[in-house]
Amino acid sequence: MKDKDAEHNQQQQLEVECRCEKFEEIAKVIDSYKSDPGNLIQILHASQEIFGYLPLDVQQFIADKLNIHVSKVSGVVSFYSFFSTKPKGKHTIMVCLGTACYVRGGKKIVDGLKKKLNVDVDDTTEDGNFTLKVARCIGACGLAPAMMIDNEVHKQVNINKLDSIINKYKEE
Ligand code: FES
């Protein structure tokens, strides 16, 4: 039991150190942008690269460094779909719900994935493998309905194809 506790404490210690290092990296990024709030979007991009996502304490840290209110940072984070406040899965699934895809069954694809992966939109599966998101158009309207997994576009998707598409990423 003692060994387990020690292991757990050590793990926690490592996580804290790792987090501190990431905050230091973000501070360097902000310095490189001369703490100018006009560069907020670039700073958020870089911070998301470093941290993987943008939780509230990271947003607060950025706001303090830029000397602006955290609501301004949160407003930008929630406006752009490429920013995330939750940890992302190993793979991001982006189902298109733009007009062409919507009328050809995009919503059914979203519902099928929600059921298959047991998640809601903007959530990550329990095993950390997939994050489900929706988009407005991914530039494949002629072959709708379409979805992207990471950088790969899947066209003319239908419910029956979902298993084979998803399983390919599970095996990777
Ligand atoms: S509307 Fe779906 S790709 Fe354009």
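Taking the alpha-carbon centroid of each part, what is the distance from the range 17-36 to the range 109-172 in angstrom? Measuring centre to centre over Cα atoms gives 33 Å. Counting only DSSP beta bridges with both residues in the chain, the antiparallel share comes to about 55 percent.
Cross-link pairs exceeding 31 Å in C-alpha to C-alpha distance, out of K28/K168; K22/K90; K107/K168; K34/K86, comprise K28/K168. Farthest towards the positive end of the charge dipole of the chain, among the residues I93, A146, T131, is the Cα of A146, using unit charges on the Cβ of Lys, Arg, Asp and Glu.
Around the Cα centre of the chain, unit charges on the Cβ atoms of Lys, Arg, Asp and Glu (plus for the first two, minus for the last two) sum to a dipole of about 1020 debye.
Quick note: the coordinates plus some simple rules give every number you see, no bench work behind them. None of these values were measured; they are calculated from a predicted model. A quick note on method: Cβ atoms are made from the backbone with ideal geometry, for glycine too, and the neighbour counts reach across all protein chains shown.
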